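J.: Questions regarding the structure given below will be posed in turn.
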Amino acid sequence: MILGACGLVVTAAWYFVRPPGSADSIATAAAKTAANPAANARSDMTLPQLAQKVLGPTPLIGPRTIVPLKSALALEFEKAIQLKPFYDRYIANPEGADAETKYFAAVAIETCIGRARGSQGVTDADRERFQNRLKPNDPNNTQRVEAFNRVVAQCEGFAGTNITAAEAARLYAEAAAAGNPGAKIAVAANQFNEQARAATARGVEARRLTEDQLALVRDGLSSGDPFAIQRAGQLLTWNSTQLVDRNLGAAGDPFNPRDWGAAWSLASCDRGANCGADALRVLNGCAYQGACGYQTLEAYMQFNELAPNVYLAAQQNRATILDAIAQGRWDWLGIAAGSGRVVTTTTPATGTTTPTGTRGNPTGPPGTRRPGG
């Protein structure tokens, strides 16, 4: 009973101090703080700061050593405001481009493909819709506008460029063949998506990865590359049913997408992904939800996205992912050899219409989300 009471107190405390998911509730909380400055000597504190002032830092696993990205180009990409230069770098010398140059050019195309088809980038209507989300007297409005401008700046320069999604797929394939780990998982995802669109069978088994696709995922992950980790997490947790009804980790716990989706993101941070205040997910949260003031992706997820029990499980699974990659324990991640799809496809009868998949890219303007992020 004592443990239960403590858990209730911690959960209640988190609920009342966590940064809310909308600009309305943030404005309300800020107004209360301003109305009672004596309650807090720093009335200009953001809600993330207030939450951490009350609860204090809550690392469930000790301080982590961040493994830096290995190449100068990867570091440049992670901190880039605009992605067009990475496509331009490839176009300037396509025959001499190495695997990494092709990979980042493909990511730029995939991220900005909507604008690459000839639109004029962010329109006045887009900006008006965003402005309508802002609330009068919201102290976060300035930060929200700055975050919005940073997000949409990613794809500036792509308007009118004559490229298609097929170009990105080709570049991923070439980069994968040359050994790029993130590209290998991108190829596996592209193959899976084509397979899903053409599938006649339905159900969990029909949406698992094939053995060849799993081999690509294992090969990409074995590098420890943060881009590969991000992409693998998206593919395994949300885009397929590979892990459904599977037991994961050393203890064989049932798969839960809420716990594992967050864990893959956090694991990529440990391997050197950009998880600071300028991470795209953090910027999107500020721009579109009003959840501003976070200095790291982990803090944003802990106080804005995840309930305490989910955050705890994600921390444990985060360690499992890194341990599994280091030790080659692919069974802990549900991707060991022999765990692929077992459905036998059949040729449709003459005159039968083959259904196509309905799952596509996440909704929202192009450029508001990078692949795997």
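J.: At a Cα cut-off below 14 Å, give the aspartates and glutamates reachable from Lys84, other chains included and same-chain residues fewer than 8 away excluded.
T.: Within reach: Glu76, Glu110, Glu156.
J.: Taking a ≥ b ≥ c as the square roots of the eigenvalues of the Cα gyration tensor of the range 159-316, is the shape rounded (a/c under 1.5), prolate (a/b larger than b/c) or oblate?
T.: Oblate is the answer for the range 159-316, as a/c is 1.5 or above yet b/c matches or exceeds a/b.
J.: Still on this structure, please answer the following. What's the extension gain from Lys70 to Ala178 if we count 0.36 nm per residue and subtract their Cα-Cα distance? Walk me through the intermediate numbers first.
T.: Values: separation 108, 0.36 × 108 = 38.88 nm, distance 1.70 nm.
Length gained, Lys70 through Ala178: 37.2 nm.
J.: Students often forget the sequence filter, so: which aspartates and glutamates lie under 13 Å Cα-Cα from Lys79 once same-chain residues fewer than 8 apart are removed?
T.: Filter leaves Asp278.
J.: Decide, for the range 226-299, between rounded, prolate and oblate: order the square roots of the alpha carbon gyration tensor eigenvalues as a ≥ b ≥ c, take rounded if a/c falls under 1.5, and otherwise choose prolate if a/b is larger than b/c, else oblate. Mind showing how you got there, number by number?
T.: Working: a/c = 2.31, a/b = 1.97, b/c = 1.17.
Prolate.
J.: Provide the packing ranking of 171-183, 307-319, i.e. peptides ordered by the mean count of other C-beta atoms within 10 Å per residue, highest first.
T.: Ranked from most to least packed, the peptides come out as 171-183, 307-319.
J.: Ordered by residue, what ³J(HN,Hα) values in Hz, to whole numbers, does the range 273-282 give under the Karplus form 6.51 cos²θ - 1.76 cosθ + 1.60, where θ = phi - 60° and Gly and Pro are x?
T.: 5, 6, 10, x, 5, 9, 5, 4, 5, 5
J.: Normalising by the residue count of the range 119-240, find the relative contact order in percent from Cα pairs under 8 Å and 6+ residues apart.
T.: 23 percent
J.: Provide the solvent-accessible area of Thr101, counting protein heavy atoms only and rolling a 1.4 Å probe, rounded to the nearest 10 Å².
T.: 20 Å²
J.: In bins 5 Å wide, starting from 0, what share of all Cα pairs of the range 101-237 does each bin hold, as a percent?
T.: Result, from short to long distances: 2, 10, 15, 15, 14, 13, 12, 10, 7, 3, 1, 0 percent.
J.: Taking H as built 1.01 Å from N, whose amide H comes closer than 5 Å to the amide H of Asp253, not counting residues under 5 places away?
T.: For Asp253, the qualifying residues are Leu248.
J.: Net charge near Gly272, counting Lys/Arg +1 and Asp/Glu -1 over other residues with Cβ under 10 Å of its Cβ?
T.: Values: positive: Lys70, Arg271; negative: Glu78, Asp225, Asp270.
Cβ neighbours under 10 Å give a net charge of -1.
The values are calculated or read from the model by the stated rules, or taken from the named source; none is laboratory data. These numbers come from a predicted model, not from an experiment. Because the Cβ atoms are built from the backbone with ideal geometry, glycine has one as well, and the counts that use them run over all protein chains shown. Note: areas computed on protein heavy atoms with side chains; ligands, DNA, RNA excluded. Shrake-Rupley method; radii C 1.70, N 1.55, O 1.52, S 1.80 Å.
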